[in-house]
1. Within 10 Å of each residue's Cβ, count the other Cβ atoms and sort Phe85, Phe52 from fewest upward.
2. Using all Cα-Cα distances in segment 20-90, what percent lands in each 5 angstrom bin from 0 up to the longest?
3. Under a plain spin-label model, where a point goes 7 Å from the Cα along Cα-to-Cβ, how far apart in nm are Phe54 and Asn73?
4. How far apart, in nanometres, would the label points at Leu38 and Asp81 be if each is projected 7 angstrom from Cα along the Cα-to-Cβ direction?
Amino acid sequence: MRAVACMGALALSACATTARLHSQDELNLIGQRCGVQLGEIFQDESEKRLLFLFKPGATREQRGCVSRWARRNGLKTVFVDNIAFPETGS
């Protein structure tokens with residue numbers, strides 16, 4: 001009976017991992033492995049569970065590579081595909 005309770009506690013604790021803020025060097029290494037430029041993968045300190053790929057026109061392979069790494073590290077991937085800058089009046 002105790003063994004079952006311990007196994008259940010271990011299973012629950014494995015699911016409750018907290019996300020950590022990865023260093024920029026770690027993220028740059030993942031970017032190189034996935035074929036994106038330095039700085040195109042980042043995390044925001046206020047929401048550590050999110051991993052951003054800021055690359056309009058990223059290939060399917062690049063997106064898949066970043067997503068797989070994020071999942072393995074308990075993160076959700078956010079893709080920034082489109083950038084709209086406000087018009088400035090002269």
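1. On the way: Phe85 5, Phe52 20.
If I rank by nearby Cβ atoms, fewest first, I get Phe85, Phe52.
2. Answer for segment 20-90: a P(r) of 3, 17, 28, 24, 12, 6, 4, 3, 1, 0 percent.
3. For Phe54 paired with Asn73, the spin-label model returns 1.6 nm.
4. Between Leu38 and Asp81, the simple spin-label model gives 2.9 nm.
Since every read-out is calculated from the coordinates, none of them should be taken as a lab result. In this text the structure is predicted, and so the values were computed from the model without any measurement. Every residue, glycine as well, gets a Cβ built from its backbone with ideal geometry; the counts of neighbours run over all protein chains shown.
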